[in-house]
Amino acid sequence: MKLLQDTLSRWFGSAPAPLDNPDNSRVAAAALLVHASVIDGAVTETEADRLRELLMQRFSLTQEETNALIIAAERSEAEAVDLYGFTSKIKQAMSEEERQGLVFMMWEMAYADGRLDPLEDNLIWRASELLGVSTRDRMIMKKRALGEM
């Protein structure tokens, strides 16, 4: 896992202190996306680019702000022992529609490298349950990510 963290740090630099606040729901959401990108054991440049695009669009960030958010998220993800710390912050801060959007983004990350790893599928299932996103909505988001809807 250290090698993956080093790769992300090389691509995105280091984050300023304000984003390192562990209560930041943006960091928590980005950490879930980082986790989705690293869980299969390899982070491709395509995945890193997609992560950057998703966060820039979702949070209306500049390139610099996005890079800082990714590094803060990577730090949080590396220190996390479970998903609950992230999902509880997100569930308190985001509406149901926003949480569904985050699940959609996780599917987009999972498919960024052109294939779905079973670990990615399992992660999205677990995160969706903790976020209060129904199985039906999770599967709708999956189909949307695949371009089937």
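We did not get these values from a lab; they are worked out from the coordinates using the rules stated. Just so it is clear, the model here is predicted, and its values are computed rather than measured. Neighbour counts are summed over all protein chains in view; Cβ atoms, including those assigned to glycine, are modelled from backbone coordinates with ideal geometry.
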Along the range 25-40, what does the Karplus equation 6.51 cos²θ - 1.76 cosθ + 1.60 (θ = phi - 60°) give for ³J(HN,Hα), rounded to whole Hz, x for Gly and Pro?
-> 5, 5, 4, 4, 5, 5, 5, 5, 5, 4, 4, 5, 7, 9, 5, 7
Using a ≥ b ≥ c from the Cα gyration tensor of the range 38-113 (square roots of the eigenvalues), is it rounded, prolate or oblate, where a/c under 1.5 gives rounded and otherwise the larger of a/b and b/c decides, a/b for prolate?
-> rounded
Projected onto the charge dipole of the range 46-149 (unit charges on the beta-carbon of Lys, Arg, Asp and Glu, signs +1, +1, -1, -1), the Cα from ALA145, GLY114, ALA73 with the largest positive-side position is that of ALA145
Under 15 Å Cα to Cα from LYS89, which aspartates and glutamates show up? Leave out anything in the same chain fewer than 8 places away.
-> ASP20, ASP23, GLU77, GLU98, GLU129
Given charges of +1 on the Cβ of Lys and Arg and -1 on the Cβ of Asp and Glu, with all other atoms neutral, how large is the dipole of the range 21-139 about its Cα centre, in debye to the nearest 20?
-> 340 debye
With θ set to phi - 60°, apply the Karplus curve 6.51 cos²θ - 1.76 cosθ + 1.60 along the range 125-132 and write out the HN-Hα couplings as whole Hz, x wherever there is a Gly or Pro.
-> 4, 5, 4, 4, 4, 5, 7, x
Applied in sequence order to the range 66-71, the curve 6.51 cos²θ - 1.76 cosθ + 1.60 (Karplus, θ = phi - 60°) yields integer Hz couplings, x standing for Gly and Pro, of 5, 4, 5, 5, 5, 5
Kindly list the residues of the range 114-130 that lie in the label zone of GLU53, defined by a backbone N under 15 Å from the point 7 Å along the Cα-to-C-beta vector.
-> 114-115
Amide H contacts under 5 Å for MET94, placed H, 5+ residues apart | none
